[in-house]
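Worksheet for the structure shown next.
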Amino acid sequence: MPAGPFSTGSDPTGSDSAGVPWAGRDLRPNPFAGDTGESDPELVELMRAAVGSTSADRHRAVVEALAPARLFVPIVAAPGETETTDDGLEADKSADMAMVTVAAPDGRRTVPAFTSVALLAAWSSEARPVPVESVRLMLSAVSEDAQLVIIDPGTDYAFLVRRPAVWALAQGKPWTPSWADPDVADALDRAAAGIPAITEIACLPGTDTEARLELTMVPGLGRDELTDVLTRFQNALTQSTVIAEGIDSLAITVQ
């Protein structure tokens, strides 16, 4: 197989460009040797199938396919150390390479990632495409305090990996959308326990949020009573670790 743009090699008896011998170094194989930088068509097909879908299986299939996937992250030069010139001006002495993050509509830090070099280049001509294993990307996102990862932004099949899925991928654990997770459903029922005014809870896929809770109330509640019920329910939600970890974001509607 011809070497791809991310293949590397070295003569073990020689030295690197700085003249330092290769001998004695721990040179591990490049996991991206032979990578042509193209998208995985099966992953893209799964992403397309998930667009606008309320099927938990379709969303879960994308996350499962991401687990072993190679992605590309945009890296840009960030100012490093500075020094003062003879003229008294501040000048960059060095530059560090930093992973790009963007802001989601709700302000949260989001890491953009791409299935191909071409898509990254179309998104930003200035960023350097760096191949990375999906698990390592999710770990990096967590360390950067980024709760979201957007795959192939700018396409009509972009897929948003929300916080619970980011954490699951980073830990090598399975993930289920919150609206189809029985543990989340049980936690919601427990949160409503002791609040007789709530007669039913439905956890559904959200639009701007990951999940939407539809609460059915006993008829005849006044405005103040309804406000009190919602306050008690929301307080109960904040006490649940399962809900905090299993639901990225939610909206509540009353029936």
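The values are calculated or read from the model by the stated rules, or taken from the named source; none is laboratory data. Owing to the predicted nature of the structure, the values given are computational and were not obtained by experimental measurement. A quick note on method: Cβ atoms are made from the backbone with ideal geometry, for glycine too, and the neighbour counts reach across all protein chains shown.
Among (1) surrounded by 12 or more Cβ atoms within 10 Å (Cβ to Cβ); (2) modelled with pLDDT of 65 or more; (3) not β-branched (Val, Ile, Thr), which single condition is Gly52 missing?
Gly52 satisfies all of (1) surrounded by 12 or more Cβ atoms within 10 Å (Cβ to Cβ); (2) modelled with pLDDT of 65 or more; (3) not β-branched (Val, Ile, Thr) except (1).
Among the residues of region 26-41, is there at least one that is at pLDDT 60 or above and among the aliphatic types (A, V, I, L, M)?
yes
Could you please find all residues in region 98-118 being of a type in the set (Val, Ile, Thr) and part of a loop (DSSP other than H, G, I, E, B)?
Val100, Thr101, Thr115
Exactly one condition in (1) of a type in the set (Lys, Arg); (2) closer than 26 Å to Ser55 by Cα; (3) in contact with a Ser or Thr (Cβ under 7 Å, 6 or more places away or on another chain) is not met by Arg109; state its number.
(2)
For region 196-239, give me the residue count where each residue is assigned to a loop (DSSP other than H, G, I, E, B) and of a type outside the set (Ser, Thr, Tyr).
11
Quick one: which of Ala251, Ala244 is among the small types (Gly, Ala, Ser) and part of a helix (DSSP H, G or I)?
Ala244
Is there a residue in region 218-237 that is surrounded by fewer than 17 Cβ atoms within 10 Å (Cβ to Cβ) and either of a type in the set (Phe, Trp, Tyr) or in contact (Cβ under 8 Å) with a residue 40 or more places away in the chain (or both)?
no
Confirm whether Pro153 is loosely packed, with under 14 Cβ neighbours inside 10 Å and either modelled with pLDDT under 95 or in a loop (DSSP other than H, G, I, E, B) (or both).
no
Every residue, every condition in (1) aliphatic (A, V, I, L, M); (2) closer than 20 Å to His59 by Cα; (3) touching a Pro at 6+ places or on another chain (Cβ under 9 Å), yes or no:
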| position | (1), (2), (3) |
| --- | --- |
| Ile201 | yes, no, no |
| Thr207 | no, yes, no |
| Thr216 | no, no, no |
| Pro219 | no, no, no |
| Arg223 | no, no, no |
| Leu230 | yes, no, no |
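Conditions tested, residue by residue: (1) more than 25 Å from Gln147 (Cβ to Cβ); (2) acidic (Asp, Glu).
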position: Ala180; (1), (2): no, no
position: Ala185; (1), (2): no, no
position: Cys203; (1), (2): no, no
position: Thr207; (1), (2): no, no
position: Ala211; (1), (2): no, no
position: Pro219; (1), (2): yes, no
position: Glu225; (1), (2): yes, yes
